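Following: one structure in structure tokens, then a few remarks.
Read-outs throughout are calculated quantities, based only on the coordinates presented, and are distinct from any laboratory measurement. Nothing here was measured: the structure is a model prediction, and the numbers come from that model.
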Amino acid sequence: MNASADRCWAEIDRSALRYNARVVRDRIGSAELLAVVKANGYGHGMVGVAQALAEDAQLFGVANLEEATDLRTALLHPIIILGPALPEERTTIAERGFIPSISTFEEAQDFDRVASGAQVPINFKVDTGMGRMGVPESEALEVFKKVSGLPHIKIHSVSTHLPVSNEDAEYTRDELLRFGNIVKQFRAAAPGNFKAHVLQSAGLLAFADPLFDIVRAGIVLYGISPLPEFQKLFKPAMTWKTRIALVRDMPKGSSISYGRTFVTPGKMRIATLSAGYADGYPRHLSNRDATVLVRGQRCPVLGRVTMDLIMIDVSKIEGVQAGNEVILMGRDGNEEVACAELAERARTITWEITTRIGSRVRRVYV
Ligand SMILES: *Cc1c(COP(=O)(O)O)cnc(C)c1O
């Protein structure tokens with residue numbers, strides 16, 4: 001099937017992915033770039049993204065064993081599993097040489113037990129305020145010493161995660177100082193050459209001093225800045241498209257979509273798009289002044305977004321026909337529906353917009 005037959009698809013610009021990686025590279029000097037490609041490459045297609053970034057990134061990050069296994073088919077880089085492994089997954093993780101993230105001594109002990117001969121490289125995680133994984137700061141040194149002593153464990157890296165890097169600069173600066181001190185104590189306590197990492201996208205844009213040894217870049221690689229003032233540095237990699245399935249002239253007083261929340265104030269030419277919330281276009285964009293682009297012009301979404309179809313007003317656009325392309329997110333000429341705009345209107349964050357783009361939506365690499 002070629003793109004012209006698709007009803008809803010996402011075009012991924014490989015050169016934009018690489019461009020964004022180079023922007024990150026310019027900001028992080030000698031640090032290694034860990035490209036975060038979890039959640040199907042933030043909805044951009046994990047393997048396609050990883051292949052595009054293979055020369056730019058030194059390591060890759062995924063959420064779980066399944067993603068790591070899929071990614072391994074595409075490249076041989078070190079792969080860090082950023083989420084906690086389930087007990088049943090540990091043997092396979094050790095066998096396949098993925099780098100698990102460790103939050104407790106018991107987890108490390110179990111990896112040490114299942115390690116078949118070779119050492120298991122681990123990412124030792126410290127909880128400095130995120131509160132979802134890692135060893136609590138107060139116990140970190142003690143646990144680190146015990147884990148370092150396990151014969152089949154090798155500390156690949158020590159890391160933490162920032163919960164408010166785009167919301168609270170004061171807390172984040174203090175957290176970075178605390179983490180820096182922890183890393184110093186670890187280095188003094190256990191000889192060995194582990195790496196330290198903490199910065200994600202917002203962190204690397206706003207707090208790249210200190211930088212540490214690895215930077216974990218996610219959303220910025222896809223061309224979306226978590227801090228609006230840096231957006232112009234990046235190129236959005238995805239253009240999300242659909243097609244007009246129907247064009248109908250509706251009389252004044254016609255109710256549109258479930259709930260009849262929109263009623264035409266006069267005669268209106270209405271197009272029905274072949275995409276809906278099952279493709280990932282948020283239902284929360286219903287009646288939130290969302291627009292799509294038809295021939296580079298903004299057309300309002302009318303009434304509620306339904307599972308497979310969305311209605312838009314095309315009264316102002318000449319000659320619209322079934323089959324015409326429509327941009328749900330992306331740029332056409334001077335107009336752009338940015339991911340940040342969709343996120344704001346849907347009262348969510350950009351990460352959720354792209355990661356929820358559905359499996360019906362074909363990813364086309366251009
Ligand atoms: C997802 C994730 C990242 C990437 O975050 P962005 O804000 O998208 O750059 C970094 N580190 C960890 C631990 C993550 O889970």
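In table form, for the structure just shown:
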item: Alpha carbon centroid spacing (whole Å) that separates region 269-332 from region 186-226; result: 39 Å
item: Note, ³J(HN,Hα) from phi for region 351-366, Karplus 6.51, -1.76, 1.60, rounded to Hz, x at Gly and Pro; result: 4, 6, 4, 6, 6, 9, 5, x, 6, 6, 8, 6, 9, 10, 8, 10
item: Whole-angstrom Cα spans of region 31-222 along principal axes, big to small; result: 44, 41, 25
item: Candidates Arg260, Arg243, Arg18, ranked by Gaussian network fluctuation over the chain, Cα under 10 Å, top entry; result: Arg260
item: Size descriptor, Kirkwood hydrodynamic radius, that averages inverse alpha-carbon separations across the chain, Å; result: 22.3 Å
item: Derived scalar couplings ³J(HN,Hα) [region 102-110; Karplus, 6.51 cos²θ - 1.76 cosθ + 1.60; whole Hz; x for Gly, Pro]; result: 10, 10, 9, 5, 4, 4, 4, 4, 5
item: With Cα atoms, 0 to 90° folded angle of helix 14-28 axis to the chain main axis; result: 40 degrees
item: Projected-area average for region 301-366 over all orientations - Cα convex hull basis, square nanometres; result: 6.1 nm²
item: Sorted largest first, extent of region 165-243 alpha carbons per principal axis (Å); result: 60, 28, 18
item: Restraint check, Lys125/Lys184; Lys145/Lys195; Lys38/Lys195; Lys125/Lys195, Cα-Cα greater than 19 Å; result: Lys38/Lys195
item: Distant-in-sequence amide H partners of Thr291 (H built 1.01 Å from N, under 5 Å); result: Val301
item: Spread of Cα-to-Cα distances over 10 Å intervals beginning at zero, given as percent, for region 238-365; result: 13, 48, 33, 6, 0
item: Table column - 3J(HN,Hα) (Hz), region 181-190, Karplus curve with 6.51, -1.76, 1.60, x for Gly and Pro; result: 5, 4, 4, 4, 4, 4, 5, 6, 6, 9
item: Proximal aspartates and glutamates relative to Lys252, as straight alpha-carbon distance under 17 Å, when same-chain residues fewer than 8 apart are discounted; result: Asp313
item: Expected 222 nm ellipticity per residue - DSSP helices of 4 or more, -39500 (n - 2.57), all of the chain, to 500; result: -8000 deg cm²/dmol
